[in-house]
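S.K.: Let me begin by handing over the structure; questions about it come next.
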Ligand code: PEP
Ligand code: MG
């Protein structure tokens with residue numbers, strides 16, 4: 001979105017609010033800090049893979065540059081975007097690329113070392129020339145080389161380690177793996193040019209409890225290292241050089257918000273019960289065992305979604321069965337007797353493992369993801385299933401599979417579980433043979449066959465983040481089409497209704513663990529639809545509880561009956577919003593609604 005100039009040099013960049021809170025500080029622009037490459041030799045049999053890595057990095061760099069060029073051209077005109085033509089040309093320069101490939105193949109240099117040394121030589125020779133045009137080309141090559149190296153080394157997390165004083169990170173993009181290792185003592189907030197509310201990076205920011213804004217278009221190109229900024233994670237704004245007036249206004253607002261939040265704290269040990277006595281299980285989504293204190297501090301009834309894939313990322317090897325067992329058992333023990341729903345790993349989409357060489361795909365969200373990966377890499381899956389089965393005796397453990405598309409897949413996954421349990425039984429290792437196993441409902445085909453699935457599992461957990469993306473064909477991480485991502489689209493409404501009815505006919509409970517569950521304006525809709533459990537990021541739980549405690553279930557059910565007749569997302573949204581507003585106006589104020 002275009003930024004607007006206001007008085008006194010203040011500039012506002014509008015994006016998408018991803019995690020609540022307001023912070024003021026110096027900006028750290030990710031990607032403006034040089035990647036330093038050390039020499040590394042690779043084994044002869046790895047040269048093909050290394051050339052492929054280089055090619056993929058060149059493609060990724062090209063994609064980034066084209067996107068930035070388009071944005072700059074939209075916002076500032078073609079003249080300003082022309083500089084990127086020179087950068088794109090560098091990526092096509094055969095002399096540079098062929099020499100790098102030669103060094104990989106013949107001198108067995110790693111892709112980053114080969115590319116870095118060749119690019120540096122080019123830069124050096126051009127920089128020494130008198131011709132101004134060629135000297136500029138040297139600067140282009142340096143810039144592009146850093147971009148390629150960054151794509152090759154996935155150095156965002158590494159780069160952030162160099163941050164000294166607390167600051168606000170601004171990046172073109174941050175992978176969930178990078179967000180996962182953010183040090184909260186140094187990073188007080190972050191914002192990105194791309195991404196949307198349900199990207200795993202945004203989800204992670206909410207879990208970390210630091211303000212975040214995504215989808216800021218080209219802000220990372222227009223803000224300088226060390227600039228003073230205000231990041232508004234409620235309104236989705238990045239304000240460069242905030243004026244005294246702006247700071248004053250935000251100061252007042254912050255006081256009011258703190259007051260409201262403090263009033264929720266006393267609800268910690270109260271149940272999430274509607275005004276007409278209907279109890280909702282209000283649970284937490286977690287990524288790591290370290291999140292357990294937050295679960296307890298926010299009065300959760302348990303964990304409704306443990307995203308175990310974060311145990312697998314940011315490392316060079318796979319976690320062993322023992323290591324996984326310890327992580328799962330620790331969470332189960334610390335939260336017992338509260339239930340903990342462990343989701344088997346959801347690799348792919350926007351989460352990748354560094355320890356497994358997985359070829360990049362054109363459409364990763366439609367590709368080799370989650371249960372599809374596990375049912376092929378049964379070695380990796382079996383290890384996890386054994387670890388979860390063992391942890392099932394440590395507390396109240398349930399397990400569920402992500403991305404189930406139909407009964408066949410559920411049966412195959414259950415067969416793997418049975419085999420893992422049989423191995424444990426044969427070895428005399430304890431496990432709970434009655435551990436409830438559920439299916440995530442996040443693929444439209446699963447929602448449409450919910451009646452069949454309900455007969456073969458003990459619970460459903462609806463992953464609305466993916467269900468919406470797949471049903472509406474709207475990439476959940478693409479800010480350009482974020483306005484088309486409509487949780488209250490009549491199609492989603494009907495699918496949810498169908499899923500709840502199918503589950504209840506079969507006598508099994510339904511949870512919602514997608515971001516919809518923590519969206520205050522949509523909670524009345526979910527409760528009216530008959531959802532039994534809501535699971536959301538810990539920082540959202542107390543406000544959600546406050547809302548539920550002010551809501552009449554009968555009114556929500558009646559609202560859903562009216563919503564059946566509606567034809568537009570905005571109409572259904574408005575009905576749910578009105579109930580939320582009446583139930584807890586201060587929650588809606590806090591949510592910035
Ligand atoms: C979902 O898709 O709604 C969900 C909870 O899973 P994830 O966000 O991890 O894909
Ligand atoms: Mg999902």
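S.K.: Scan the stretch 524-577 for residues that are closer than 17 Å to residue 488 by Cβ, in a helix (DSSP H, G or I) and in contact with a strand residue (DSSP E or B) (Cβ under 7 Å, 6 or more places away or on another chain) and jot them down.
M.R.: The one that is closer than 17 Å to residue 488 by Cβ, in a helix (DSSP H, G or I) and in contact with a strand residue (DSSP E or B) (Cβ under 7 Å, 6 or more places away or on another chain): 526.
S.K.: Here's another thing I want to ask about it. Just one of 536, 473 is free of Cβ contacts under 8 Å to residues at least 12 places away in the same chain and within 16 Å of ligand 1 (Cβ to nearest atom); which is it?
M.R.: 473
S.K.: Could you say whether any residue in the stretch 458-470 is in the same structural domain as residue 366 (by TED's automatic domain parsing) and away from ligand 1 (no atom under 15 Å from the Cβ)?
M.R.: Looking for residues that are in the same structural domain as residue 366 (by TED's automatic domain parsing) and away from ligand 1 (no atom under 15 Å from the Cβ), one finds at least one in the stretch 458-470, hence yes.
S.K.: I'm told residue 177 meets every condition in (1) part of a helix (DSSP H, G or I); (2) at pLDDT 80 or above; (3) in contact with a helix residue (DSSP H, G or I) (Cβ under 8 Å, 6 or more places away or on another chain) except one. Can you identify the failing condition by its number?
M.R.: Result: residue 177 passes all but (2).
S.K.: Six or more apart or on different chains, Cβ atoms under 7 Å: show the pairs whose first residue is in the stretch 560-572 and in contact (Cβ under 8 Å) with a residue 12 or more places away in the chain and whose second is part of a loop (DSSP other than H, G, I, E, B).
M.R.: Close Cβ pairs (under 7 Å, with a partner that is part of a loop (DSSP other than H, G, I, E, B)) amount to 569/486; 569/488; 569/489; 572/488; 572/566.
S.K.: Can you name the residue in the stretch 327-351 that is part of a strand (DSSP E or B) and modelled with pLDDT of 95 or more and is also nearest to ligand 1 (Cβ to nearest atom) among such residues?
M.R.: Going through the qualifying residues, I end up with 343.
S.K.: Continuing with the same structure: What residue, of 226, 209, is over 20 Å from residue 540 (Cβ atoms) and away from ligand 1 (no atom under 15 Å from the Cβ)?
M.R.: Matching residue, one of 226, 209: 226.
S.K.: Anything in the stretch 458-476 that is crowded, with 24+ Cβ neighbours inside 10 Å and more than 12 Å from ligand 2 (Cβ to nearest atom)? List them, or say none.
M.R.: Answer for the stretch 458-476, where residues must be crowded, with 24+ Cβ neighbours inside 10 Å and more than 12 Å from ligand 2 (Cβ to nearest atom): just 460.
S.K.: Take the stretch 180-216 and flag every residue that is at pLDDT 90 or above and touching a helix residue (DSSP H, G or I) at 6+ places or on another chain (Cβ under 6 Å).
M.R.: 193, 212, 214, 215
S.K.: Would you mind telling me which numbered condition in (1) more than 24 Å from residue 18 (Cα to Cα); (2) crowded, with 23+ Cβ neighbours inside 10 Å; (3) within 15 Å of ligand 2 (Cβ to nearest atom) residue 454 fails?
M.R.: Going through (1) more than 24 Å from residue 18 (Cα to Cα); (2) crowded, with 23+ Cβ neighbours inside 10 Å; (3) within 15 Å of ligand 2 (Cβ to nearest atom) one by one, residue 454 breaks only (3).
S.K.: Quick one: residue 161 ticks every box in (1) more than 30 Å from residue 93 (Cα to Cα); (2) touching a strand residue (DSSP E or B) at 6+ places or on another chain (Cβ under 9 Å); (3) at pLDDT below 80 bar one, so which box is it?
M.R.: That leaves (2) as the condition not met.
S.K.: In addition: When residue 403 is evaluated against the numbered criteria (1) in contact with a helix residue (DSSP H, G or I) (Cβ under 7 Å, 6 or more places away or on another chain); (2) touching a residue at least 60 places away in the same chain (Cβ under 8 Å); (3) not in a loop (DSSP other than H, G, I, E, B), which criterion, by number, is the only one it fails?
M.R.: With (1) in contact with a helix residue (DSSP H, G or I) (Cβ under 7 Å, 6 or more places away or on another chain); (2) touching a residue at least 60 places away in the same chain (Cβ under 8 Å); (3) not in a loop (DSSP other than H, G, I, E, B) applied to residue 403, the lone miss is (3).
S.K.: Do we have any residue at all in the stretch 494-506 that's in the same structural domain as residue 437 (by TED's automatic domain parsing), away from ligand 2 (no atom under 16 Å from the Cβ), outside any helix (DSSP H, G or I) and modelled with pLDDT of 95 or more?
M.R.: Within the stretch 494-506 (the criterion being in the same structural domain as residue 437 (by TED's automatic domain parsing), away from ligand 2 (no atom under 16 Å from the Cβ), outside any helix (DSSP H, G or I) and modelled with pLDDT of 95 or more), the answer is yes, since at least one residue qualifies.
S.K.: Do the conditions hold for residue 309, that is, is it modelled with pLDDT under 95, in a helix (DSSP H, G or I) and under 27 Å from residue 430 (Cβ atoms)?
M.R.: yes
The values are calculated or read from the model by the stated rules, or taken from the named source; none is laboratory data. This one's a predicted model, so the numbers in the text were calculated from it and none came from an experiment. No Cβ is skipped: glycine too gets one built from the backbone with ideal geometry, and neighbour counts run over all protein chains shown.
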